[in-house]
Amino acid sequence: MIEKIGEGGFSEVFLARNKQTGEKVALKMLLPQVAANDYAVQSFLREAENTKALNHPNIVQLRDTGYDQGTFFFTLEYCNGGTVEDLMQQRGGKLNIEEAFNIIYQVLDALIYAHHADIPNIKQADGSIKQGQGLVHRDIKPANIFLVKSQGKNIVKLADYGLSKAFDLAGLSGQTMTGNKAGTPLFMCRQQVLNFKYVQPEVDIWATAATLYYMLTGYFPRDLNNKDPFLAILQDSPVSIRQRNVNIPDGLANIIDLALQDNPELHFKEAETFKQALINNL
């Protein structure tokens, strides 16, 4: 271990070096205080299993898994550029259109792949194991989008698949919304709050659009106004992006606003369709 680089609700992350290969890795360990929490353990193991099943240049790669002295752990490729949240802070709170779009296109490429990938070993509520197809991430946000600096460019790495589920088996695995661990409200659409167990890929597209909105404006799509965030999701519509940043071109603003409509339904159903709409209006 070299140094601690992060901590979440269930785990902490260290920068470490593999003694055999010399490679720097991110070592993620389940926190001892949640080791007796079955939901925490299952979420942690689900992230390892789901990440192992995915192989794409824009998704963080799993290196190894293990169990030692009562602690579950796994290692991931190390992302030396931090997160998009970190980058925004470095840039004064928001990104320019070119930098934001370079990031969001790569996120959408990751989703195009993940939403159609074959996922083995999906555990069902009755204990049986089935193969699923397509993972819905369910917690896309700037803090889960990592960056690797390579030859002066940022390569995006989507991380944290602990909440994801094979969507063609949605509703069968028994995973339900538990407390505040079902995602991040600031980047969640109405459908994810109303029907978390049955969510489809379109909720990831909404969250990606919300992330793009946030990168370009420094604001979340909804005005919370000291309101409970889940109540705001159910009662309030997103604020038009040009009310946050008048410098965003009309065509682009219209596409982002369209992507953030979530009442009565979501407009973009496929990541590829949203990506092409952005390209056509940039």
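General observations
- Antiparallel DSSP beta bridges within the chain, as percent of all bridges there, nearest 5: 95 percent
- 11 Å beta-carbon shell around ALA271, net charge (K/R +1, D/E -1): -3
- GNM flexibility winner over the chain from SER240, SER150, SER164 (Cα, springs under 10 Å): SER150
- Over the chain, dividing the summed -39,500 (n - 2.57) contributions of all DSSP H runs of at least 4 residues by the number of residues returns a 222 nm mean residue ellipticity of -9500 deg cm²/dmol.
- Cα-based shape type of the range 215-282, given that a ≥ b ≥ c are square roots of the gyration tensor eigenvalues and the cut on a/c is 1.5: oblate
- Computed from Cα atoms, the angle from the helix 250-259 axis to the main principal axis of the chain rounds to 50 degrees.
- The distance separating the Cα centre of the range 189-244 from that of the range 264-282 comes to 16 Å.
- Between helix 97-114 and the chain: long-axis angle, C-alpha atoms, 0 to 90°, nearest 10: 50 degrees
- Rounded tilt (10° steps) of 271-281 against the dominant C-alpha axis of the chain: 40 degrees
- Structure note, pairs LYS94/LYS141; LYS4/LYS153; LYS24/LYS153: Cα-Cα distances above 23 angstrom occur for LYS4/LYS153.
- Net charge of neighbours whose Cβ lies under 13 Å from the Cβ of GLN235, counting Lys and Arg as +1 and Asp and Glu as -1: -1
- A straight chain from LYS94 to ILE2 at 0.36 nm per residue would run longer than the Cα-Cα distance by 30.1 nm.
- Inter-label distance, LYS227 to VAL34: 2.9 nm, where each label sits 7 Å from its Cα along the C-beta direction.
- Geometric extent, Cα atoms of the chain - Rg, Dmax (angstrom): 18.6, 57
Taken together, the values in this text are just the output of simple stated rules run on the coordinates, not laboratory data. The structure displayed is predicted, hence computed values, not measured ones. Here the Cβ is made from the backbone with ideal geometry for all residues, glycine too, and neighbour counts use every protein chain on show.
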